[in-house]
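Structure first, then comments.
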Amino acid sequence: MAASSPATEDAARRVTGRHLDDILGERVAAPLIVAPTAYQRLANDEGEPATARGAAAAGILMCVSTLATVSLEDVAKAAPDSPRWFQLYIRRDRSVTEELVARARDSGYSALVLTVDMPVIGRRWRDERNDFTLPDGMIMANMRAPAPAVQGSGLAAYADAEFDRTLTFDDITWLRDISGLPILVKGILRGDDAEAAMDAGASAVIVSNHGARQLDTTVTTVEALPEIVEAVAGAGEVYVDGGVRRGTDIFKAIAMGARAVLVGRPVLWGLATGGAEGVTAVLEELIGEFERALALCGVPTPGDITPDLLTRSTST
Ligand SMILES: Cc1cc2nc3c(=O)[nH]c(=O)nc-3n(C[C@H](O)[C@H](O)[C@H](O)COP(=O)(O)O)c2cc1C
């Protein structure tokens, strides 16, 4: 894994006065990651490059979505010294995935996040009612095929046509072998699946239900986390996302055994209201709250957070 650059380190120090953490070998300001979210030009005309600059200024790692509205190369150029991961869906046509993986590796993305909870799109009523599709002039910039113009959700039609519904755990091994990069498997909600993903060669799992956008009434990530931490049993790292809105949420997730958290919607809110600066403001608020929680609990670093800090111990 490439060491992070002095610029990243500076950004981390500027915010926190020190760098608080390392995530898969990358120096970061806090155990907090920008979750992959699609179509960011819908939130701000500049889109993903603004998020990249905003995250870099906060010293935070960004995971870029396959369904970005700006090419992965241009997102990388927007914050060249900042750590970044690339999120993937595996395509029916494997050559499309192979090409994306090569482009991501060539552009300095240091890990791949394989999202496994979207073989098909969840029932998104508003997308269907609104015939959701990207407006003119906005494209899925990493893709060869444009989103089809259909009645109903264009995203659902695209996923139906393009995404491979037949993935197995062997595909994790395949992806690791063709990329030579660490693979994080996103969308895990069960201990046995986490164990199988690690056995197949994943470096980490991300406990996620896609921000509750896929299957209604599914388990929440905070409920699933303990079983998964136990199943992985230190064989790799466990990350979690869904509903992280406060620095204390980061603290609690780590106390429950997560290595770090990802945050989705709040970053988009920052992007929509303030562009790159809005993203930085959201992330700095979370980092500041997290640092305050560390101080108020008397723990110097994230690695010192222990499960007993979640509830008052009943032992004497
Ligand atoms: C608008 C939107 C778009 C998303 N797009 C993607 C995506 O392209 N790939 C992916 O793996 N997850 C995607 N997600 C899920 C997020 O990565 C993440 O799991 C979720 O947003 C976390 O919950 P939070 O928004 O409560 O922080 C998306 C979520 C939202 C809200």
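Of I172, I188, I228, which residue is more than 19 Å from G303 (Cβ to Cβ) and within 12 Å of the ligand (Cβ to nearest atom)?
Going through I172, I188, I228 in turn, the sole match is I188.
Identify all residues within the stretch 80-112 that are charged (D, E, K, R), out of contact with any Leu (no Cβ under 8 Å at 6 or more places or on another chain) and either open to solvent by 20 Å² or more (accessible area, probe 1.4 Å) or part of a helix (DSSP H, G or I) (or both); write none if there are none.
Across the stretch 80-112, the qualifying residues are D81, R92, D93, R94, E98, E99, D106.
Quick test of your reading of the structure: P49 fulfils all but one of (1) more than 15 Å from the ligand (Cβ to nearest atom); (2) closer than 24 Å to M118 by Cβ. Name the failing condition by number.
Against the list (1) more than 15 Å from the ligand (Cβ to nearest atom); (2) closer than 24 Å to M118 by Cβ, P49 comes up short only on (2).
(1) out of contact with any Pro (no Cβ under 6 Å at 6 or more places or on another chain); (2) free of Cβ contacts under 8 Å to residues at least 12 places away in the same chain: which one isn't true of A197, the others all being true?
Of everything listed in (1) out of contact with any Pro (no Cβ under 6 Å at 6 or more places or on another chain); (2) free of Cβ contacts under 8 Å to residues at least 12 places away in the same chain, A197 misses just condition (2).
Being within 11 Å of the ligand (Cβ to nearest atom) and part of a helix (DSSP H, G or I) narrows it down to one of L262, L268, L283, L294, so name that one.
L268
For residues that are in contact with a helix residue (DSSP H, G or I) (Cβ under 7 Å, 6 or more places away or on another chain) and in contact (Cβ under 8 Å) with a residue 60 or more places away in the chain, tally how many sit in the stretch 70-103.
Number satisfying all stated conditions: 12.
For the stretch 203-220, give me the residue count where each residue is within 15 Å of the ligand (Cβ to nearest atom) and either free of Cβ contacts under 8 Å to residues at least 12 places away in the same chain or within 13 Å of R259 (Cβ to Cβ) (or both).
4
Residues checked against (1) open to solvent by 60 Å² or more (accessible area, probe 1.4 Å); (2) under 23 Å from N44 (Cα atoms):
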residue: M118; (1), (2): no, no
residue: R124; (1), (2): no, yes
residue: D127; (1), (2): no, yes
residue: G152; (1), (2): no, no
residue: R165; (1), (2): yes, no
residue: T168; (1), (2): yes, no
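Between a first residue in the stretch 239-265 that is over 19 Å from I188 (Cβ atoms) and open to solvent by less than 10 Å² (accessible area, probe 1.4 Å) and a second residue that is hydroxyl-bearing (S, T, Y) and more than 13 Å from the ligand (Cβ to nearest atom), which pairs have beta carbons less than 8 Å apart while being 6 or more apart in sequence or on different chains?
Going by the 8 Å Cβ cut-off, the qualifying pairs are A255/T306.
Do we have E223 as touching a Gly at 6+ places or on another chain (Cβ under 6 Å) and either within 23 Å of D193 (Cα to Cα) or within 14 Å of the ligand (Cβ to nearest atom) (or both) here?
Numbers: touching a Gly at 6+ places or on another chain (Cβ under 6 Å): no; either within 23 Å of D193 (Cα to Cα) or within 14 Å of the ligand (Cβ to nearest atom) (or both): yes.
No; evaluated as a whole, the condition is false for this residue.
Collect the residues in the stretch 59-78 that are within 16 Å of the ligand (Cβ to nearest atom), closer than 24 Å to D21 by Cβ and assigned to a helix (DSSP H, G or I), keeping them in residue-number order.
Within the stretch 59-78, just V75 meets the criteria.
Hey, does the stretch 98-121 have a residue that's in contact with a strand residue (DSSP E or B) (Cβ under 7 Å, 6 or more places away or on another chain), closer than 23 Å to N209 by Cβ and polar (S, T, N, Q)?
Within the stretch 98-121, one or more residues are in contact with a strand residue (DSSP E or B) (Cβ under 7 Å, 6 or more places away or on another chain), closer than 23 Å to N209 by Cβ and polar (S, T, N, Q).
Would you pick out the residues in the stretch 50-65 that are surrounded by fewer than 22 Cβ atoms within 10 Å (Cβ to Cβ) and of a type outside the set (A, V, I, L, M, F, W, C)?
Matches in the stretch 50-65: R53 only.
Answer yes or no as to whether A159 is within 17 Å of A38 (Cβ to Cβ) and buried (at least 18 other Cβ atoms within 10 Å of the Cβ).
So A159 passes the test.
Which one is farthest from the ligand (Cβ to nearest atom), of the residues in the stretch 27-44 that are surrounded by 21 or more Cβ atoms within 10 Å (Cβ to Cβ) and not in a loop (DSSP other than H, G, I, E, B)?
Among residues in the stretch 27-44 that are surrounded by 21 or more Cβ atoms within 10 Å (Cβ to Cβ) and not in a loop (DSSP other than H, G, I, E, B), the one farthest from the ligand (Cβ to nearest atom) is R27.
Quick one: G288 ticks every box in (1) in a helix (DSSP H, G or I); (2) away from the ligand (no atom under 15 Å from the Cβ); (3) free of Cβ contacts under 8 Å to residues at least 40 places away in the same chain except a single one, so which number is it?
G288 satisfies all of (1) in a helix (DSSP H, G or I); (2) away from the ligand (no atom under 15 Å from the Cβ); (3) free of Cβ contacts under 8 Å to residues at least 40 places away in the same chain except (3).
The values are calculated or read from the model by the stated rules, or taken from the named source; none is laboratory data. Everything quoted here is computed from the prediction, not taken from an experiment. Positions of Cβ are backbone-derived with ideal geometry, glycine not excepted, and every protein chain shown enters the neighbour counts. Each accessible area value is taken on the protein alone, full model and side chains, heavy atoms only, with ligands, DNA and RNA left out. Shrake-Rupley method; radii C 1.70, N 1.55, O 1.52, S 1.80 Å.
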